[in-house]
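To start, the structure itself, in C-alpha cells.
The values are calculated or read from the model by the stated rules, or taken from the named source; none is laboratory data. These figures come from a predicted structure and were not determined experimentally. As a convention, Cβ positions derive from the backbone with ideal geometry for all residues, glycine included, and neighbour counts pool all protein chains shown.
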Amino acid sequence: MNFWYILTLFLTVLFIGVAVLSIISYQLYKGTEQEVQYVENQLVQESMEKNPDWTDTIANILYDQHPDLYVRIETPDAKTIYSKGSESITDQNSYMIKLSLFSSISFKKKFIPIYHHRASYNGYTFDLYVRMDGIHNYIVIMIRVLALCVILGIVIGSLAIYQLSRRLNRPLMDVTEMIHQVTETRDLKQRVLVADQPREVHDLALSFNQLMNQLDRQIERERRFVSDASHELRTPLSAIRGHVELIQRHGFGHPEVIDRSIHFVDQESKRMQRLIEQLLMIARLDRRSKLLETVNLSMIAKNVIADYTSSVAQHFTADIADGTYALANEDYVHQVLVSLLGNAKKYTPDDGWIKINVNGDHQFSYIRVQNSGPRIPDEEKKKIFTRFYRLDQSRSSEAGGSGLGLAIVKELVELDEGKIWVEDLKPVGSEFIVRLKARTAIDLNA
C-alpha cells in the first residue's frame, strides 16, 4: 500500500513540475514570437521605401533593442544582407522542431535553441533568428529547481506517508490479528479492541464485536436448545423403554399389563411426535425470511374461530371488529391464533370461559385472547415465552404440553415485526395480547 501511495505522490509531483515547466516555456516562446513579429513589421515598413537603407535599419532595430536577434535578407536582385554575426547562425541549420508553417526551433552547440522565422514581402525574403540563451539558461535553472523540489517532495512525502499509513494501519492490523486469533482458537468470547481513530477501523471493530456477540448468543441458544430438546426426548423414551421391558417380563402372564403399557406407549409416542414437529417448526423459523404484506386480521380470526368452536367445552365468545388490517404474514397470524386459542383451551377449566378480541387504531392492530384460567405470576410472565419452560410441570405434562407452544408464538409474532405479552384479568384470568403494525384496505389493494 505504501508503494502505491508513494508512486501516486511521485506521479502527481512530476505532473505538476512538467505542467509548470511547459506553461512557462510556452509563455517565453510566445514572448520571443511577439519580439520577432515586431522586428518583422519594422523590416516590412523599410521594404516599402524606394531606396531602403538596410544597414542603418538593422543597426537601429537589432543592436540596441534585440541583441540576440539576427537577420538575413534576400533582396529582389538576389543580394543577401546579414546582420552582424548572422552568418554563423543562419548557415546550415538543421531544424529539429517545426512549430508552425513559417517558424521553427533548431538546436546547435550545447543544445542552445535558436528560433527561426521566415517572411516574404514586396520581393524581399526575411529570415529572422533569435539565439535563446537567456531562455535556455532560465529553463535549465527551472528544471534543476523543479527536480530538487520533486526529490525533496518525494522524500518528505514518502516519510509522511509511511508514518501516517503506519499510524492508520496499526489498528487495522490489530483487528486482523485478533480476527485471526479468534479463527484459530475458536474462542467466541474474545473481542477486538475498538480504536477511537480512524473512524473506518472503529466501525469495523465495533461491527465485528457485534457480530461476535450475535454468534455467541446464537450458539448459546442452540446449545441450550439441543440440551433441552435432548432432555425432553429422553423422558418419553425412557418411559417407553420401561414399559417395553415391563411387557417383556410380565406380559405373558398378565394381559392387563400389555394393554396398559401399549396405551401408555401410544400416548408417549404421540407426544414425541408433537414435540418433534414443534422442534422442526422452530428450526424452520430460525431460517425463514420475512414475507410481510397487508392482511385482513378480521377475516383470518373468523376463519380460525369457525374451526375452533366445535371442539371447545368452555363458554366461548368473540368480538371481531370488521376491517382490521395489519402488516404481517397470513400463515404466521393463523398459526398464532390457533396456538393461543389452543393454549387457552388447555389451561381453562371446562366451566370457564374464553374470549377473543380483534381491533385496532391508526397505529397498531391488536389480537387479544382472554381466558378464566389461573393467573400467571408476574415473575413468570416473560419466562413462559422461552423454549421448554413450563409454569406448572405436573399440569403441563398431563395436558400434553411440551413448553414450545408459546415460544413458537413469540417467534412468529416477532417475524411479523410485532410484540406479544400477557396481562392479568380481574377478578380472575389471563389475557395474551398480540400487537402488529396497522394497515388499511387501501394498502391491501395497493
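Values for this structure:
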| quantity | calculated |
| --- | --- |
| Leading residue by the ranking (modelled with the lowest pLDDT) among those in region 391-422 that are farther than 24 Å from Y332 by Cβ and surrounded by 15 or more Cβ atoms within 10 Å (Cβ to Cβ) | S396 |
| Qualifying positions in region 315-343 - free of Cβ contacts under 8 Å to residues at least 60 places away in the same chain and within 12 Å of V369 (Cβ to Cβ) | F316, T317, A318, D319, L337, V338, L341 |
| Counted residues, region 254-279 - those being under 30 Å from Q218 (Cβ atoms) and at pLDDT 70 or above | 4 |
| Single residue of region 332-365 satisfying the filter (closer than 20 Å to K426 by Cβ and among the charged types (D, E, K, R)) that is surrounded by the fewest Cβ atoms within 10 Å (Cβ to Cβ) | D351 |
| Within region 56-76, tally of residues that are of a type outside the set (D, E, K, R) and touching a residue at least 24 places away in the same chain (Cβ under 8 Å) | 8 |
